[in-house]
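Please read the structure below before turning to the comments.
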Amino acid sequence: MFRQKTTIVVGAGASCELGLPSGDGLKDQIVSLLERTNENAYGFSDNTMLQIMRSFAGADVPSLQNNLQPYKAAADRILRGLPLALSIDNFLHSHQDDPHLVDLGKLCIAICILRAERSSYLFQRSNMHALFSERDEMPQASTRGEKLAKTWYPAFARLLMSGVQRNNIKEAFENVRFVIFNYDRCLEQFIWMALQDYFDIDGEEAAEVLEDVRFNHPYGSLGVLPWRGQSEANLPLGGGDDLDYWKIGKRLQTFTESVRSQVVHNVAQAVHSADTLLVLGFGYLDQNLQLLRPQMRGNAKRAISTAYGVSDADQRILKQALLTLGNQSPEMTYLEPGSCSELFDHFHLMLSLS
């Protein structure tokens, strides 16, 4: 288990190990999703977008044109501008004054991330031919897939649950807080399943263990996983039948919306109260750093971050950014040049014994 109060910051790079898109990958998927066509009256080539717009716009020509035109225009603006943006979050923040663009951007994120959850390594498949069909029967999620075993999830679970007794499982989470910049819910789902497998408990008991564990999503998430309790926002991992993508998209937040909400306080508190900051797959964009930075300097005495693919020059800047989040010395600020999985291999003793 984690011996010190540890806040784990999860960025897009950490989800990439599970088969989900990077920030650039998500941008590419959104551009593909919005590709235009003249082969139908709605102007979108992607079948999911076509069905959504057909349902939204109405059948008669005047309604179709009046309802659809602002979103077709917004789609054109996204297609032109998004490739030049650092991230979709950054782009939506820049266009906060354009409600049609923001709503359409959130809709696209919802579609892409639900597809990504369905194709993640949490699901084992023998047949991949119709991966993105909205009518696919969902495969069974599992903690034992071959591809999943090579990610950081099992290594994290081993560290989290080591030394914890079955009659006091909640002890595993006493020192752990999560700040997840991604929209997906894969980490929550995995932890819930891992508790069942490791401690031989059922889903209801695992959900009870996680009842008070905060998974802070600064930019919102697609919905509430059903095992967390009944809610109007219930949405299984990967989605289900007859999804209202507009409604799901509206659960997501832009940077502007996030800083006005309670979540920014929760994130700052999680960072401020940590003795150890563990930063995984985080891109260190200024917008995201603003959400992480507590108003008063944090208490962290140690910070460990992945720096996968980061140049030596940028590693120095990254390290300086880490130093502004806590109270640790440069000597106690560590960078892992490898993957998230390699970080847990290389820092296992430091995280578990001190």
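The values are calculated or read from the model by the stated rules, or taken from the named source; none is laboratory data. These numbers come from a predicted model, not from an experiment. Heads up, the Cβs are rebuilt from the backbone with ideal geometry, glycines too, and the neighbour counts pull from every protein chain shown.
Do we find that residue 198 is within 18 Å of the chain's Cα centre (by Cα) and either modelled with pLDDT of 95 or more or surrounded by 15 or more Cβ atoms within 10 Å (Cβ to Cβ) (or both) in this structure?
When the stated conditions are applied, residue 198 does not pass them.
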Pairs, first modelled with pLDDT of 95 or more in the stretch 277-296, second charged (D, E, K, R), C-beta under 8 Å, six or more apart: 277/302; 281/17
Any pair with Cβ under 7 angstrom, 6 or more apart, that starts in the stretch 158-171 at a residue that is in the same structural domain as residue 343 (by TED's automatic domain parsing) and among the β-branched types (Val, Ile, Thr) and ends at one that is in a helix (DSSP H, G or I) and surrounded by 11 or more Cβ atoms within 10 Å (Cβ to Cβ): 164/171; 164/172; 169/195; 169/199; 169/209
Per-region count, the stretch 1-54, residues of a type in the set (Gly, Ala, Ser), touching a residue at least 12 places away in the same chain (Cβ under 8 Å) and in contact with a Gly (Cβ under 8 Å, 6 or more places away or on another chain): 6
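Among the residues that make up the stretch 309-316, is at least one of them outside any strand (DSSP E or B), touching a strand residue (DSSP E or B) at 6+ places or on another chain (Cβ under 7 Å) and crowded, with 19+ Cβ neighbours inside 10 Å?
Start the filter on the stretch 309-316 by keeping residues that are outside any strand (DSSP E or B), which leaves 309-316.
Narrowing further to those that are touching a strand residue (DSSP E or B) at 6+ places or on another chain (Cβ under 7 Å): 315.
Among the residues that remain, those that are also crowded, with 19+ Cβ neighbours inside 10 Å are: none.
Checked against the condition, which is being outside any strand (DSSP E or B), touching a strand residue (DSSP E or B) at 6+ places or on another chain (Cβ under 7 Å) and crowded, with 19+ Cβ neighbours inside 10 Å, the stretch 309-316 yields no hits at all.
Would you call residue 291 among the aliphatic types (A, V, I, L, M) and closer than 30 Å to residue 142 by Cβ?
no
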The one condition in (1) over 20 Å from residue 160 (Cβ atoms); (2) assigned by TED's automatic domain parsing to the domain that holds residue 159 that residue 231 fails to fulfil: (2)
Inter-residue pairs, beta-carbon under 8 Å, first without any contact (Cβ under 8 Å) to a residue 40 or more places away in the chain and outside the structural domain of residue 289 (by TED's automatic domain parsing) and in the stretch 310-336, second surrounded by 12 or more Cβ atoms within 10 Å (Cβ to Cβ) and charged (D, E, K, R), 6+ apart: none
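Of everything in the stretch 272-290, what is over 17 Å from residue 22 (Cβ atoms), touching a helix residue (DSSP H, G or I) at 6+ places or on another chain (Cβ under 8 Å) and surrounded by 22 or more Cβ atoms within 10 Å (Cβ to Cβ)? Give them in sequence order.
Within the stretch 272-290, 276, 277, 278 qualify.
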Subset of the stretch 90-114 [under 24 Å from residue 188 (Cα atoms) and in contact with a Leu (Cβ under 8 Å, 6 or more places away or on another chain)]: 106, 108, 109, 110, 111, 112, 113, 114
Pairs where the first residue, in the stretch 69-98, is under 17 Å from residue 289 (Cβ atoms) and the second is β-branched (Val, Ile, Thr) and not in a helix (DSSP H, G or I), C-beta under 9 Å, 6+ apart: 89/254; 93/254
Residue list for the stretch 287-307, restricted to those being under 18 Å from the mean Cα position of the chain (by Cα) and either under 15 Å from residue 7 (Cβ atoms) or not in a helix (DSSP H, G or I) (or both): 288, 289, 291, 292, 305, 306
Per-region count, the stretch 93-105, residues assigned to a helix (DSSP H, G or I), surrounded by fewer than 24 Cβ atoms within 10 Å (Cβ to Cβ) and of a type outside the set (A, V, I, L, M, F, W, C): 5
Pair list, Cβ under 9 Å, 6 or more apart: the stretch 197-217 residue farther than 18 Å from residue 185 by Cβ, other residue crowded, with 16+ Cβ neighbours inside 10 Å and among the aromatic types (Phe, Trp, Tyr): 204/227; 205/199
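For every residue, the table says whether it meets (1) touching a Phe, Trp or Tyr at 6+ places or on another chain (Cβ under 7 Å); (2) of a type in the set (Val, Ile, Thr).
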residue: 13; (1), (2): yes, no
residue: 23; (1), (2): no, no
residue: 31; (1), (2): no, yes
residue: 40; (1), (2): no, no
residue: 43; (1), (2): no, no
residue: 77; (1), (2): no, no
